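Enquirer: This is the structure, below, for whatever I ask next.
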Amino acid sequence: MTFVLSNPWLHGLVFGAVLVSVLMALVAFITWFERKLAGRIQSRLGPTMVGPFGLLQPIADAVKAMQKDFIVPKDADRFLFWLAPPLTIAFALATAAVIPFSKDVLAANLDVGVLYALAFSGLLAFPTWVAGWASNNKYALLGGMRMVAQGISYEIPMVMAALVPVTLAGTLSMQGIVEYQVASGWIIATPVGAAAGLLFLTTALAEGNRIPFDIPEAESELVAGPTTEYNAIGWSIFAASEYAHSVITAAIVSALFLGGWDGWWNLPPLLWMVAKTGFVFLIVTWVRWSLLRFRSDQLMALCWKYLVPGALLLVLIAGIQVSVRG
Amino acid sequence: MLGQIGFGVVAVMLLFTAFRVVTARNLVHTVLWLGLALAVTAVVYVMLGAHFLAAIQIILYTGGVLTLMLFGVMLTHRDEGFVAVQNPSGRYVAGGLLAVSVFAMLAAAIVRTPSLPATPAPPVSTEALGAAFLTEQVLAFEVLSLLLLVAAVGAIVMARRRDAGEEGESQGAVLPERKVLPLRQPQPDAESAPVAARASGGDA
């Protein structure tokens, strides 16, 4: 065990494999959780038929998707059409490498962990666009174009909001930011931190293509956006990576703003991290099933007229706070 | 030893992707190969211990490729099949000479440079990098910021529609002013009234 942990190659390999397996298993049951919650919000029951409380529904869905024929449209760019789903899930899962789950449970403690997470989160628009373009379908392409426009706009306030905990903690390492919060209080407890957290969560919803920012998908106008032509396992991979991205974003919010694995009552730190991530994911899901979709111009106005100036102001306040503190 | 093999693999990948950037026949494929080449460059930075630079390379360059892809779509027609990148001037001799001379210049510079140690330099911490930006290199940093600001403002000015009232600008097609709706739009009665009348079957 110690040999595995001390050798960086083995550590990365073992930890990566475990992390990906756990996350993918989690994602399956998170679809169940979301469907149950959505059902309750809309006064219905959600899945009930397969297994106790419908718990085996995700497995049934996955088996069904795998049995189906993966159809590639005749005029599609075959290679890119094949490439887009695995690329999407790879980018979504890559972000998980820098999330600290406890003092030692961490795949890679990078000096530039926050930047790494933001880089892969921002790149997620890339395979989505490739899917839209390769499909050779006008709705898919329109969805892909919207995804890129939205992604590159919302990346700016997102990076700036993440800069607030970075400035306060004085480090770009995720573990370093959590350790700062263990020592001097959670970032959400300060006014500037709370505002930045809210701003980060908002931009993360837009980056992850979630309601109320799911304009690229917009099923009432674009069928299903970039995934219009995908069926069977290809579509399932897109759906899974959307959930994986949501969960990982919730974990990043917990680590940057909610104190990460810090907690009370001597409970294991891992449990605290999972609980906080679950809480943030609950909020995200709640928002999804309560709000309506924005229009394109509202989306851009919100970003450039409110979020970007607001984020700049927060960075300024955090900078002043740090320089006063000395 | 392992490091040298790793570098060899990465270098071959970098050369191959760069080669595909110029030989791919489809503009979108070209841009995707470019994105891959830039990402592989980030791997080189990681191998040299420059983690900050690698992260920035991914965010700015590989991310910037996304924007290039939009140009790729806007400038080509997918339905015409693969777009052959044309060379309308056909100056292969002049182009070849230029390429050879640039190569000769770079090769001369590489040959004359005293060989550097093969081991990576001690990594510079991100703190030291940030401090250097705001102390020693502050002039260059500010000048670059100003340059970017000018570029951003210039782009907005060029992209803005010309006002119909401006003189001497009416030769170009003047697009009608688009009505941009506010975030919270009050519902004017004048617009909803006829709809209501039609819905109720009124013969207004």
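Enquirer: Can you give the three extents of the C-alpha atoms in region A:82-211 along their principal axes, from longest to shortest, in whole Å?
Expert: 53, 30, 20
Enquirer: For region A:72-325, what size does the Cα cloud have along each of its three principal axes, sorted from largest down, in whole Å?
Expert: So the three principal-axis extents are 61, 38, 32 Å.
Enquirer: With a point put 7 Å past each Cα toward its Cβ, work out how far residue B:137 is from residue B:160 in nm, to one decimal.
Expert: Result: 3.4 nm between the two label points.
Enquirer: Give me the percent relative contact order of chain A, please, defined on Cα pairs under 8 angstrom at least 6 residues apart.
Expert: Relative contact order here is 22 percent.
Enquirer: In terms of the Cα gyration tensor, with a ≥ b ≥ c the square roots of its eigenvalues, is region A:263-317 rounded because a/c is under 1.5, prolate because a/b exceeds b/c, or oblate? Don't skip to the answer; put the middle values down first.
Expert: Numbers: a/c = 5.34, a/b = 1.65, b/c = 3.24.
Since a/c reaches 1.5 but b/c is at least a/b, the shape of region A:263-317 is classed as oblate.
Enquirer: In what sequence do A:98, B:65 fall when counting other Cβ within 10 Å, fewest first?
Expert: The fewest-first ordering by Cβ neighbours comes to B:65, A:98.
Enquirer: Report, to the nearest 10°, how far helix A:125-134 tilts away from the longest principal axis of the Cα atoms in chain A, using its own Cα long axis and a range of 0 to 90°.
Expert: Around 10 degrees separate the two axes.
Enquirer: If you don't mind, there's one more thing I want to ask. Using just the Cα positions, wrap region B:1-67 in a convex hull and report its mean projected area in square nanometres, one decimal place.
Expert: 4.3
Enquirer: Taking the Cβ of each residue in A:184, B:115 as the centre, tally the other Cβ atoms inside 10 Å and list the residues starting with the fewest.
Expert: Ascending Cβ contact count within 10 Å gives the list B:115, A:184.
Enquirer: Placing +1 at every Lys and Arg Cβ and -1 at every Asp and Glu Cβ, with all other atoms neutral, what dipole size does region A:72-325 have around its Cα centre, in debye to the nearest 20?
Expert: 260
Enquirer: If you don't mind, there's one more thing I want to ask. Which lysines, on any chain, are close to residue A:305 with Cα under 24 Å apart, when same-chain ones fewer than 8 places away are left out?
Expert: B:179
Computed from the coordinates by the stated procedures, all read-outs in this text should not be read as laboratory data. All figures in this text were calculated on a predicted structure; none of them were measured in a lab. Positions of Cβ are generated from backbone atoms using ideal geometry, with glycine treated the same way; all protein chains shown enter the neighbour counts.
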